[in-house]
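Only the coordinates and a few stated rules stand behind these numbers; no lab work does. What you are looking at is a predicted structure, and each value in this text was computed from that prediction instead of being measured. Here Cβ is always computed from backbone atoms with ideal geometry, including for glycine, and neighbour counts include all displayed protein chains.
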Amino acid sequence: MDKSVKAIIFILIALYVISPVDAVPGPLDDILVMLMGYAANKRLSAREN
């Protein structure tokens, strides 16, 4: 279950970074979304152990 959730988070982050629609112009929001995804994956990994 956690592996599928990690895959979904990764796909959503990739789609947001690639998409032409941004919440804020520039790379700032893309970096923020990637950091939030990293934190979510790290939390899921901690829960697996």
Task: Computed [θ] at 222 nm, deg cm²/dmol, the chain (DSSP H ≥ 4; -39,500 (n - 2.57); rounded to nearest 500) - done: -26500 deg cm²/dmol
TODO: Quick one: angle between helix 28-48 and the longest Cα principal axis of the chain, in degrees between 0 and 90, rounded to 10, please.
DONE: 0
- [ ] Please give the helix 2-18 orientation as an angle from the longest Cα principal axis of the chain, in degrees from 0 to 90, rounded to the nearest 10.
- [x] 10
Open item on the list: Of the listed values (i) 30, 16, 14; (ii) 46, 25, 13; (iii) 38, 16, 10, identify the label whose number matches Cα extents along the principal axes in Å calculated from this model.
Closed with: (iii)
Open item on the list: If R₀ is 30 angstrom, what is the calculated FRET efficiency for the pair ALA23 and SER45, using the beta carbon separation as r and rounding to 0.05?
Closed with: 0.65
